[in-house]
Structure formats: structure tokens, C-alpha cells
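A.B. asks: Pasting a structure here, questions to come.
The values are calculated or read from the model by the stated rules, or taken from the named source; none is laboratory data. Small disclaimer: the values here were computed from a predicted structure and weren't measured. As a convention, Cβ positions derive from the backbone with ideal geometry for all residues, glycine included, and neighbour counts pool all protein chains shown.
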Amino acid sequence: MTAQTVAGADLDVLATAEAWRKAGRDVAIATVVETWGSAPRPVGSHLVVDGEGNFEGSVSGGCVEGAVVGEAIDVIAAGKAKMLEFGVADETAWRVGLSCGGRIRVYVEKLA
Amino acid sequence: MDLAILQKLNQARRERFAVILVTDTASGAVRLVVEKDGYDGDPLREELAARFRSGASGSVVTPSGESTFFTVQLPPPRLVIIGAVHISQALAPMAKIAGFDMTIIDPRTAFATPERFPDVPLLAEWPDVALPKVGLDAFTGLAVVTHDPKIDDYALAESLRANCFYVGALGSRKTHGKRLERLRALGIDDTQLARIHAPIGLPIQAQSPAEIAVAVLAEVIVSLRSRGRQAREAAA
């Protein structure tokens, strides 16, 4: 089942998050919490980011990962979770919009 | 989220237990619900039960306007077939397409050949040897199709003890009646015996081995998607 395969792959991302944190790295986890229209990655998909901007997984198949990584570094510094939204209707569409025309909401939290 | 919660989540996943991470996205509070530990006293139990069945992650906005996000992690479903017979040859590729990790077990080496079952894990061993290697659990379904009690009975008893989400047995009502007597003698009670799907497969007037395979796969899917509902209704 594609969904299950995807979920399985996501869990590897969560295993990566655990391993990175145990190795003493600062870690943030980004999760797709809502999608509208044709979004490339389903709700529940994860991206894990460290304090240097290294990342594993994906929340959009590449469209907005750069922006999410930037925000994740801020979340690591501030320690407070953040809700992000991306879509073509966004004023930042030309920089980090989703080419598919969908919209996604991404929750970014620090792994304490 | 605390590292301790993530560690518990990852451990549950490795042990093939279903879990849901519940996140209050306003406050950032996170907690973990492990299905096997029970959640009857949880204020969100209805929502949790529905999501443990569907496997779907998603958000819910409570009447007070707080948004809660559920990250649902179910183990990948598996299907074990006892019997490398004609039906199994049709069922193996179908089940694989439908997303099940398949294993076929049959000690009869004339049946269990790679030529007859390309691309499917095949164990030409007795179920009492093979099943411990596979490891039965609540996200594994098992169907016995050999017609031979020496091969089928042990596997049936083990699948009921392991609380497999689906247990099916090929054979007529008469055959099944005798089978139930043998399983009772093995110490399986009537509540457990009632979980066996027999005659096997949804009633779609299946004739050919491939059609029977469709009927079995459909029954496996409905059992997976309604998993746990009957048990909860019985307890209520």
C-alpha cells in the first residue's frame, strides 16, 4: 500500500531524528498537518532538520523544503513550535510556492 | 516533543505496535497513545479508535477552537498463506499489489517451488518451524488453504492465539465443523473459534482459483479496515 510504504519511510525519518538528537545535535521535526488541492506529500509526512541545516525526509517533494529548513533553524534557536503555510496564493509564491497549485500547512517543533 | 516520547514511538514501531502521537499545535504539548496499552479512559477515545482503524493522520479542531494533530503510525500489514496451492499462486501477486507483505508456507516441497511462486517469500517448512520466524501479530492476517489438518491446524491455533487481524480457512461447512472439534481439543475456546472466516472469502460466487483469491483478499481487507471494532462492540 503506497500510504503504508510512505508511513514506513517516514518512520525512518523519525528514527533519524532520534539518532541525531542522541548524538547531541539540535533537531527540529516538521510535519505536514493539512493539505488542500493537489499536494505532493500526504498529511503526516515528516522532515527532520538539524541546527546546521542538514535534513532528511520531505514535506513537499522538494518545492518548499528550503524554506522549511530555514524556519526549522529558527525554531531550534527559539525553542517554540511554529505553524507554516505554503501555497500559490501566498505572496511568497514565486520563491517557495508549490508548482502543483496545492497548499500545505506544516507544523515545526523542536525535539527537546 | 521530548526525545523520550520519540524513543517510545520508534520502539513501538520496531515492535510492530500501532501508535498515535497526539499534538496540541497551539501549546506544543505532545503525548503518545499505544493501542495495545488501551485508551478507554481517554477523552479522545472515539477519534483515536477511528484513526487506529483508518491509519489516517490528520487534524481535528475541538469545539473550544483548539487544533489537535494526530500522527498515526500503523505497522505495515502482512499476510501469511499456509499452502502453496493454485489459489495461493493467484493470491500472491494480488495481495502484493494491494500492499500486503506476503509469506507462503508449505512443507510439501513439490508445491513450494520458486517456479510456482516467483517474487514471493516462500518457506518450504512445517508451520511450527516457519511461523516463529515470521512472528504473528495483530497486523498479520493468516489463511490456511491446504485442506490437510496436519499442516493447517497448528497454524490456525497459533494465529488465533496471536490475535491476527484475519484468520481464514478453506473448506466446506462440514470440513470446518470437524476442524472446530479438533481445535477445541487443542484448547481454543468458542469466542476465538468464531473469529475464523470459514468457508473462506466474501460470497461473490467465486469459481476459479483466481476468483477465490479475489474473495479472500476482499475479506482480508475488510478485516483489516474494521480491525478492533468487533472486539470493542462486544466489550461495550
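A.B. asks: Output the number of the condition that B:MET102 fails; it satisfies all remaining conditions of (1) among the aliphatic types (A, V, I, L, M); (2) more than 23 Å from B:GLU211 (Cβ to Cβ); (3) surrounded by 15 or more Cβ atoms within 10 Å (Cβ to Cβ); (4) in contact with a strand residue (DSSP E or B) (Cβ under 9 Å, 6 or more places away or on another chain).
C.D. replies: Of the numbered conditions (1) among the aliphatic types (A, V, I, L, M); (2) more than 23 Å from B:GLU211 (Cβ to Cβ); (3) surrounded by 15 or more Cβ atoms within 10 Å (Cβ to Cβ); (4) in contact with a strand residue (DSSP E or B) (Cβ under 9 Å, 6 or more places away or on another chain), the odd one out for B:MET102 is (2).
A.B. asks: Further question: Scan the stretch A:66-85 residue by residue and report those that are part of a loop (DSSP other than H, G, I, E, B) and either touching a residue at least 60 places away in the same chain (Cβ under 8 Å) or exposed (fewer than 15 other Cβ atoms within 10 Å of the Cβ) (or both).
C.D. replies: A:GLY79, A:LYS80
A.B. asks: Looking at the stretch B:51-84, which of the residues that are of a type in the set (A, V, I, L, M) and surrounded by 14 or more Cβ atoms within 10 Å (Cβ to Cβ) is farthest from B:VAL19 (Cα to Cα)? Don't jump to the end; show me each part of the working.
C.D. replies: As a first pass, look at the stretch B:51-84 and keep what is of a type in the set (A, V, I, L, M): B:56, B:60-61, B:72, B:74, B:79-82, B:84.
Checking which are surrounded by 14 or more Cβ atoms within 10 Å (Cβ to Cβ) leaves us with B:56, B:72, B:74, B:79-82, B:84.
Numbers: B:ALA56: 12, B:VAL72: 6, B:LEU74: 7, B:LEU79: 21, B:VAL80: 23, B:ILE81: 27, B:ILE82: 29, B:ALA84: 34 Å.
Going through the qualifying residues, I end up with B:ALA84.
A.B. asks: Continuing with the same structure: Go through the stretch B:43-100 residue by residue and tally those that are over 14 Å from B:VAL33 (Cα atoms), in contact with a Gly (Cβ under 9 Å, 6 or more places away or on another chain) and without any contact (Cβ under 8 Å) to a residue 40 or more places away in the chain.
C.D. replies: 2
A.B. asks: Next question, about the same structure. Identify all residues within the stretch A:26-65 that are hydroxyl-bearing (Ser, Thr, Tyr), more than 10 Å from every other protein chain (Cβ to nearest Cβ) and surrounded by 24 or more Cβ atoms within 10 Å (Cβ to Cβ); write none if there are none. Let's see the steps before the verdict.
C.D. replies: From the stretch A:26-65, those hydroxyl-bearing (Ser, Thr, Tyr) are A:31, A:35, A:38, A:45, A:58, A:60; that's our starting set.
Then drop every residue that is not more than 10 Å from every other protein chain (Cβ to nearest Cβ), which leaves A:38, A:58, A:60.
A:SER60, the sole residue that qualifies.
A.B. asks: Filter the stretch B:10-20 for residues that are modelled with pLDDT under 95 and either surrounded by 15 or more Cβ atoms within 10 Å (Cβ to Cβ) or among the hydroxyl-bearing types (Ser, Thr, Tyr) (or both); which is nearest to A:LYS80 (Cα to Cα)?
C.D. replies: B:ASN10
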